Amino acid sequence: MSARVGVVGGGILGTVLALRLAQAGAEVTVLERAPSPGGLAGSMDFGGHRIDRFYHAITPADRHLIGLAAELGLAGELRFSTVGAGFFVDGKLHPFDGPRDLLRFRPLSPLGRARLAWFFALCQLRQSYDGLDEVPLEWWLRRHCGSEVTDRIWRPLLDSRFDGRHTELPATYMWARTRRMSGARRGASRREQLGHLRGGHERLIAAAAERAAEQGADFRLGAAVEELAMKDGQVEGVRVGGQTVPFDLTIATLQPPALRFLLPARLEGLLGAYPDRHLGLVCAVLKVRRSLVPFYAVNICEPTPITTVVETSHVVGTEHTAGLRLVYLPHYCAPDSPEQDEDDDSILTRFEGMLARISPAYRPEDVVDRTVQRARVAEPVHALGAHPRVAPVWPGVPGLALASASQVYPHLLNGDSVVHFAETVAAQGISRLGLGAVPPGRTSPGC
C-alpha cells in the first residue's frame, strides 16, 4: 500500500511537493482553503485581464524554476527582456543599470561610487554566507560602503522595505539580495535581464498540479483544515469539516501565523523555532495607457509611503492587457498595520501621490483601472543571532513535517528558492517514507 501524504496548502510550495511525492509513488492529497491554488503567486481578474496579484520576475540564474518549467513543457513560454533599474534620490530619477551608470551616479561622490562598486564585488567573491548571520547588517554596510553610501542609499531603502525596522537584520540579507540580482546580469554590458512565464506563476502552478494529478494526486480546493488529528503523540491526519482525513505523513506548508491555528496545545512549542516577525504587503496595482518610468523597478531613497515602483510591463509585455501597462506600488508593513484595514481610496491617493513625484509622465486621467491587493503575511524577517536559524522541517513529531516559506534561508524568498526548497523537502520525505528514488534530473541537496 502506498504511503498516504497530506499537503496542507496549495501554493507553489505545496504543489511542487505534491508533484514530486506523487512521482515517487505516494498517495498525495492537497488541501487548499482557497477556491483556487496559487497563494501569493496566484493571479486575479483585473478589469477583464488576468494578471499576477503581486509582481514576480525570473532571473536567468533561476535554474530550479526554469528547470521545472522545462519539465512541464513550458520552456518555450519563458520570455526574457533586458530591463533597467533606477534610483529616486533628492527628487530626481537616476538610471542604475550596469557599470557605466554606477560611474555616473551623481547622488554619490566618486569615492562613494568606488566603495559601492567594491561592495558589489565583495558580495560576488564571497561564495558562502557563513558567519554573516551573526553580523549586524548596518555595521557591515558601513564597514564596506562607508557612511555616505549607507546613509544616502542603503538606510532609506531598508527603512521602506522593512517598515522602519531594519536594525535586527543580519548581513546575510544584503549578501543574498546582491547575489540574486547579479544572476540577472548577463553579457559584456552586465545589463539586467528579467523574465516571466506567459500566464504568470499561476500557469506554472496549474501545470505542476495537472502533472501531479496525472500521477494520482488529489487536489481538494475550498478544503479548510481545522486542526491536526493526533493520537498517542503521533499526527495521524487532519480534520476537515469535523471529520478526520487520515495520512501517514502530513506536511503543513503554512507560515507560522496561520500554522498556529492548526497545532494542538501540546505542539505550540514548535512555533518557537520560527522568526518572531513577519511582514505583510499592501500593493496598489494600476492599469495605465502609457509607460510611467523607463525602468522595471525604481528604488526610492527618501521618505516614502511606498517601497518601490515596479512597471512589470517592461518584462511581461502588454499582449494580455490589450496594450495597457501595469504598475505595482507595494508597501511592506506589519500584519496589524493600519494600512491593512485602510480604505482603498485613501491608499490609492497616498500611493499615487508619491508616484506623481517620481514620474513626470503620471496623469490621473491615464489610469484606466486601479485596485489594492493585501496580504497580512507575505514573508518572514530572519533576525540577527536567532537560534535555531531555520526551524526544522522534521520537528520530531511522528507523522508531521513543517515546510513553509519561513524556512527558506539564506536565499531571498522568490519562486526559484521556493521550488528548490520544495524539491529538497520532497527528496527527504521520499527517503523517510521508503518510496522510490527522486525523479530523474530532480535531485536536491539537503536543507
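The values are calculated or read from the model by the stated rules, or taken from the named source; none is laboratory data. These numbers were taken from a predicted model, which means no experiment stands behind them. When we count neighbours, we look across all protein chains shown, and the Cβ atoms used for this are built from the backbone with ideal geometry, even at glycine.
Among R203, R191, R220, R198, which is the only one that is touching a strand residue (DSSP E or B) at 6+ places or on another chain (Cβ under 9 Å) and more than 27 Å from H411 (Cβ to Cβ)?
Selected residue: R220, the only one of R203, R191, R220, R198 that is touching a strand residue (DSSP E or B) at 6+ places or on another chain (Cβ under 9 Å) and more than 27 Å from H411 (Cβ to Cβ).
From G73, G131, G67, G112, grab the single residue that is modelled with pLDDT of 95 or more and surrounded by fewer than 13 Cβ atoms within 10 Å (Cβ to Cβ).
G73
Does V240 fit the bill of being under 23 Å from the mean Cα position of the chain (by Cα) and β-branched (V, I, T)?
No; evaluated as a whole, the condition is false for this residue.
Scan (1) at pLDDT below 95; (2) of a type in the set (A, V, I, L, M); (3) in a strand (DSSP E or B) for the single condition A258 breaks and write down its number.
Every condition holds for A258 apart from (3).
Among the residues in the stretch 186-202, are any among the aliphatic types (A, V, I, L, M), at pLDDT 90 or above, over 21 Å from W118 (Cβ atoms) and buried (at least 17 other Cβ atoms within 10 Å of the Cβ)?
Yes, there is a match, as at least one residue in the stretch 186-202 is among the aliphatic types (A, V, I, L, M), at pLDDT 90 or above, over 21 Å from W118 (Cβ atoms) and buried (at least 17 other Cβ atoms within 10 Å of the Cβ).
Which ones in the stretch 227-243 are exposed (fewer than 14 other Cβ atoms within 10 Å of the Cβ) and part of a strand (DSSP E or B)?
Within the stretch 227-243, E227, K231, Q234, Q243 qualify.
Give the residue that is surrounded by the fewest Cβ atoms within 10 Å (Cβ to Cβ), with candidates limited to residues of the stretch 410-433 that are outside any helix (DSSP H, G or I) and in contact (Cβ under 8 Å) with a residue 60 or more places away in the chain.
L412
Checking K287 against (1) in contact with a strand residue (DSSP E or B) (Cβ under 6 Å, 6 or more places away or on another chain); (2) farther than 30 Å from R79 by Cβ; (3) at pLDDT 95 or above, which single condition isn't satisfied?
Failing condition for K287: (2).
Only one of L102, L21, L111, L116 is assigned to a helix (DSSP H, G or I) and within 22 Å of A426 (Cβ to Cβ); which?
So the residue among L102, L21, L111, L116 that is assigned to a helix (DSSP H, G or I) and within 22 Å of A426 (Cβ to Cβ) is L21.
From the list L348, L355, exactly one residue is farther than 27 Å from R152 by Cβ, in contact (Cβ under 8 Å) with a residue 40 or more places away in the chain and either loosely packed, with under 14 Cβ neighbours inside 10 Å or not polar (S, T, N, Q) (or both). Which is it?
Selected residue: L348, the only one of L348, L355 that is farther than 27 Å from R152 by Cβ, in contact (Cβ under 8 Å) with a residue 40 or more places away in the chain and either loosely packed, with under 14 Cβ neighbours inside 10 Å or not polar (S, T, N, Q) (or both).
Based on this model, can you work out whether T15 counts as over 17 Å from the mean Cα position of the chain (by Cα) and at pLDDT 95 or above?
No.
Could you tell me whether H314 is part of a helix (DSSP H, G or I) and crowded, with 19+ Cβ neighbours inside 10 Å?
It is true that H314 is part of a helix (DSSP H, G or I) and crowded, with 19+ Cβ neighbours inside 10 Å.
Which members of the stretch 78-111 meet the condition of being in contact with a Gly (Cβ under 7 Å, 6 or more places away or on another chain) and of a type in the set (D, E, K, R)?
Residues satisfying the conditions are R79, D97.
So, in the stretch 279-309, exactly how many residues are more than 16 Å from A85 (Cβ to Cβ), not β-branched (V, I, T) and not in a strand (DSSP E or B)?
Result for the stretch 279-309: 5.
Would you confirm whether or not the stretch 264-274 contains a residue that is surrounded by fewer than 17 Cβ atoms within 10 Å (Cβ to Cβ), in contact with a strand residue (DSSP E or B) (Cβ under 7 Å, 6 or more places away or on another chain) and at pLDDT 95 or above?
no
Taking the options G25, G6, name whichever one is surrounded by 20 or more Cβ atoms within 10 Å (Cβ to Cβ), of a type outside the set (A, V, I, L, M, F, W, C), over 19 Å from the mean Cα position of the chain (by Cα) and over 15 Å from A209 (Cβ atoms).
G6
Please verify whether D336 is within 23 Å of A273 (Cβ to Cβ) and surrounded by fewer than 17 Cβ atoms within 10 Å (Cβ to Cβ), treating the condition exactly as stated.
So D336 fits the description; yes.
Give me the residue from the stretch 136-156 that is in contact (Cβ under 8 Å) with a residue 40 or more places away in the chain and either polar (S, T, N, Q) or crowded, with 18+ Cβ neighbours inside 10 Å (or both) and, out of that set, nearest to H331 (Cα to Cα).
Per the stated criteria, the residue is P156.
Taking the stretch 399-422, which residues are touching a strand residue (DSSP E or B) at 6+ places or on another chain (Cβ under 6 Å), of a type in the set (A, V, I, L, M) and within 20 Å of I205 (Cβ to Cβ)?
Scanning the stretch 399-422 gives A403, L413.
Take the conditions touching a helix residue (DSSP H, G or I) at 6+ places or on another chain (Cβ under 7 Å) and aliphatic (A, V, I, L, M) and apply them to A41. Does it pass?
Yes: the conditions hold for A41.
Here are R50, R104: which of them is surrounded by fewer than 16 Cβ atoms within 10 Å (Cβ to Cβ) and not assigned by TED's automatic domain parsing to the domain that holds P170?
None of the other options fit; the residue is R50.
Pull out all pairs, ordered by first then second residue, where Cβ-Cβ is under 6 Å, the residues are six or more apart or on different chains, the first lies in the stretch 72-100 and is in contact (Cβ under 8 Å) with a residue 40 or more places away in the chain and under 30 Å from A206 (Cβ atoms), and the second is surrounded by 19 or more Cβ atoms within 10 Å (Cβ to Cβ) and of a type in the set (F, W, Y).
Close Cβ pairs (under 6 Å, with a partner that is surrounded by 19 or more Cβ atoms within 10 Å (Cβ to Cβ) and of a type in the set (F, W, Y)) amount to V83/Y296.
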